[in-house]
Amino acid sequence: MLVLLGFGLIHFYLIWFGDILVLYAMSGLIAFLFRKLSIQRLVALGAAFLLGGMLLFSGFIFSQYQADIAAHAPGATQAAIKEWNEGLGGFFPTAAEIAKDKALRLGPWLGLVQDNLSHWKQIIPNTLVFMPDTIGLMLLGMAGYKSGFLTGEWNDAAYRRIARITIPIGLAACACIVAYDISSKFYIIGIFMAFVVLATPFITIMAGGYAALIILLSRRQGWLAQRIAAAGRCAFTNYLGTSLIATFVFYGWGLGLYGSLSRWQAWLLVPIVWAIMLAWSKPWLQQFNYGPLEWAWRSFARGKLQPMRKKRPEPLPV
């Protein structure tokens, strides 16, 4: 986890500010302490962490609601307006702020790095606030692994039942959130409350349903399942590789398309990146034991260079 933290800091400051590896590393250090708990205790503790995260965000959102009211009240003070603008009010940038942001993203790479380094402290609160939720999900994942659920050891009927129940429930909850967002004209306080707090239990169980569905679809081990499995074994390289591809497409040091595409046009990049992942991962793993960054991670963590190239089978004696 400490090595992963190092990679995350490099990713955050030098490539993309939306890094999640730092959060995973810090949360993983804590989740590691509970690795010997029983399945039942992992589930209970995971649920408790998720609930703690929901309560934490509820308190933050309520404080932002009060800041919104104070900032838009008749005769609002400059301090009240500043507090709102530095919080969720910042999701409504002015034209000048948008122009400044676009100039930064389309500028030289060193300018982006300098900007990230100038805001180096923001990674701390950003990580801490999401840790309870992330630790909770990790503990549930550990329970899923110990129980054999995530390793495909359950029977097909159990997986079908889980997928049939949880996915429709999760989709219904998400549809309600979308309906609310539209009806409220995307009121930022309501969006955060609905998506970050109210949706948490629904999207969590829906994730279990998706896992069950993926396991069912992978039973036959067809060509697509094999390529997805290979992409999963190279997940670290694929994650950072996606950042490099996307920043090259959008930032000024690359193609410079930042702020010039519509949403649907930007989404067209997604299947292209999927195709790249599926295309390279399997042939790479046919020759090597690990993806490039998976190899680096293991080598640093174990303090020894790991064998990269697969050994070719010895020829049979004549």
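Below, the figures for the structure above:
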| item | result |
| --- | --- |
| Neighbour count of at most 15 Cβ within 10 Å plus DSSP loop: longest GluC sites (Glu not before Pro)-free window in the chain | 154-318 |
| Normalised contact order of segment 221-309, rounded percent, pairs of Cα under 8 Å and 6 or more residues apart | 35 percent |
| DSSP loop trypsin sites (Lys or Arg not before Pro) with at most 13 other Cβ within 10 Å: longest gap in the chain | 37-184 |
| The chain - mean residue ellipticity at 222 nm from DSSP helices (-39,500 (n - 2.57) per run, n ≥ 4, rounded to 500) | -22500 deg cm²/dmol |
| Distance between segment 116-168 and segment 51-95 - C-alpha centres, whole angstrom | 29 Å |
| Cβ-Cβ FRET estimate between Ile81 and Glu153, R0 fixed at 51 Å, reported to 0.05 | 0.35 |
| FRET efficiency, 1/(1 + (r/R0)^6) with R0 35 Å, evaluated for Phe248 and Met1 via beta carbons | 0.75 |
| Once the Cα gyration tensor of segment 2-220 is diagonalised, semi-axes √(5λ) in Å | 36, 24, 18 |
| Cross-link partners of Lys36 among lysines (Cα-Cα below 17 Å; sequence separation of 8 or more within a chain) | Lys146 |
| Per-residue ³J(HN,Hα) for segment 37-46, Karplus 6.51 cos²θ - 1.76 cosθ + 1.60, θ = phi - 60°, Hz, x for Gly and Pro | 5, 5, 4, 4, 6, 4, 5, 5, 5, x |
| Eligible lysines near Lys304 by straight Cα distance, threshold 26 Å, same-chain separation 8 or greater | Lys282 |
| Efficiency of FRET from Cβ geometry, Arg164 and Tyr187, R₀ 45 Å, rounded to 0.05 | 0.85 |
| Phe288 long-range amide H proximity, modeled H, under 5 Å | Lys310 |
| Projected label distance in nm at Ser260 and His119, using a 7 Å step from Cα toward the beta-carbon | 2.3 nm |
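Coordinate-derived values only; no laboratory data. A quick note: this is a predicted structure, and the numbers were derived from the prediction, not measured. So basically every Cβ, Gly included, is an ideal-geometry build from the backbone, and we count neighbours across all protein chains shown.
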